[in-house]
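Single-structure report; data block below.
The values are calculated or read from the model by the stated rules, or taken from the named source; none is laboratory data. Predicted model, so just to flag it, every value in this text is computed and none were measured. Glycine also receives a Cβ, built like all others from the backbone with ideal geometry; neighbour counts cover every protein chain displayed.
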Amino acid sequence: MTENKKIPNTYCELALKDRLEMRPYQETIVSDIIDNFNMSKPYVLGSCPGSGKTEMAIESMIRLMEFGLVNRILILAHSTNVLKENFYERLMNYFYEGEIIDVMRGQMITEAL
């Protein structure tokens, strides 16, 4: 990862089932996401089918939490069940549900978290 002054000296090792291995082009993109992270500005990750967007998103989430840049991440998926289930299934390859990740599927959020 490139040198970045925003990344704090503290590092929190997450309890993960496994760790993703990024391809060189994916590592470049994930590093760019972390280096340019800003809570008030979105980062759009767009790439061709099969390029590993889901894995890049998951690795970015892991690093944002490890570097202490965020303590919560909210993932919103449109109503296509394939996308929701695909992302959830891939996410659960790396995280233990209930420890770091809580999943709400088909539930309405009625109050602020």
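Structure notes:
- Yes/no for residue 84 being surrounded by 15 or more Cβ atoms within 10 Å (Cβ to Cβ), of a type in the set (Lys, Arg) and modelled with pLDDT under 85: yes
- Residue count for region 12-50, restricted to those that are under 15 Å from residue 90 (Cβ atoms), touching a residue at least 12 places away in the same chain (Cβ under 8 Å) and in a loop (DSSP other than H, G, I, E, B): 7
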